[in-house]
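Taken together, the values in this text are just the output of simple stated rules run on the coordinates, not laboratory data. Since the model is a prediction, treat every value here as computed from it, not as a measurement. Here Cβ is always computed from backbone atoms with ideal geometry, including for glycine, and neighbour counts include all displayed protein chains.
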């Protein structure tokens with residue numbers, strides 16, 4: 001049985017006071033939950049989150065990394081720095097990195113390789129835009145995103161590779177993929193992971209306007225192993241409901 005992951009991506013939200021309040025209210029929720037809990041704060045607050053989550057069964061993730069250990073790369077944060085401040089997982093390929101910052105497939109592949117070389121938990125995001133879904137090319141889009149990143153480029157154990165399916169049209173829009181849409185795409189991803197790479201134990205998360213009101217319809221399906229949560233993860237009150245959720249498959 002694959003253990004459910006509930007992951008928080010705070011993006012460019014939550015100041016120091018907000019993080020302190022969050023962890024104070026969140027308390028030992030993760031210790032009492034059967035689910036695996038991951039929180040990805042913005043870079044400046046990772047050390048604070050790492051300290052506040054100590055011994056609470058919470059994995060701290062970075063929202064991105066530059067694929068170099070160190071060097072003359074102004075404005076970037078590298079692997080040595082992340083390890084130094086308590087990071088053990090990294091989100092790579094989020095649609096906002098691809099779309100807003102123009103990250104090319106080649107750079108994303110470099111980052112996937114780098115994260116693995118540093119023994120970090122890789123959380124790899126894929127997903128299609130609304131026009132791509134409407135014209136029926138969503139399967140080809142996901143193939144390109146996965147193949148370009150993973151072909152001859154997987155070295156970690158399957159349990160250290162997590163894929164997050166995040167339809168771009170559902171991120172921050174309030175629109176959530178129907179359970180049927182999500183299951184179809186998760187099953188497609190799982191088939192690729194198994195048949196192309198031999199990875200049967202990797203977990204696949206759903207992301208895209210996940211909240212306490214819709215998590216039941218999503219996580220009750222066998223191929224959906226958890227959620228990568230944006231807005232509903234910013235406050236402890238709503239994130240606790242997600243972390244405490246127990247899916248009946």
Gyration tensor verdict on the stretch 20-75 (Cα atoms; rounded if a/c is under 1.5, prolate if a/b is larger than b/c, oblate otherwise): prolate
As a test, work out the antiparallel percent of DSSP beta bridges whose residues both lie in the stretch 36-163, rounded to the nearest 5. 0 percent
Which of rounded, prolate or oblate describes the stretch 128-249 when judged by the alpha-carbon gyration tensor and an a/c cut-off of 1.5? oblate
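Once the Cβ-Cβ distance between residue 51 and residue 72 is put in as r, and R0 is 25 Å, what FRET efficiency do you end up with, to the nearest 0.05?
Working: r = 30 Å, r/R0 = 1.19.
The pair residue 51/residue 72 has a calculated efficiency of 0.25.
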For residue 21 paired with residue 155, estimate the spin-label separation in nm (one decimal), with each label point 7 Å from Cα along the Cα-to-Cβ line. 4.3 nm
Run the quick spin-label model on residue 13 and residue 84: label points 7 Å from Cα toward the beta carbon, then report their separation in nm to one decimal. 3.0 nm
Please say if the stretch 127-172 is rounded, prolate or oblate, where rounded means a/c under 1.5 for a ≥ b ≥ c the square roots of the C-alpha gyration tensor eigenvalues, and otherwise the choice is prolate for a/b larger than b/c and oblate otherwise? oblate
Under the helix-only model (-39500 (n - 2.57) for each DSSP H run of 4 or more, divided by the residues of the chain), the mean residue ellipticity at 222 nm, to 500 deg cm²/dmol, is -10500 deg cm²/dmol
So how far, in whole Å, is the C-alpha centre of the stretch 101-149 from the one of the stretch 178-221? 15 Å
Pulled fully out, how much extra length does the chain show between residue 244 and residue 104, if you take 0.36 nm times their separation in residues and subtract their Cα-Cα distance? 46.7 nm
Between 41, 167, 179, which gets the highest mean-square fluctuation from a Gaussian network model of the chain, Cα cutoff 10 Å? 179
For Cα pairs less than 8 Å apart in space and 6+ apart in sequence, what is the mean separation divided by the residue count of the stretch 5-243, i.e. the relative contact order in percent? 20 percent
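Assuming R0 = 22 Å, can you tell me the calculated FRET efficiency for the pair residue 201 and residue 148, based on Cβ-Cβ distance, to the nearest 0.05? Kindly include the intermediate steps, with their values, before the conclusion.
Details: r = 23 Å, r/R0 = 1.03.
Working from the Cβ atoms, E equals 0.45.
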For the chain, set up a GNM with springs between Cα atoms under 10 Å and report which of 207, 119, 71 has the largest fluctuation. 71
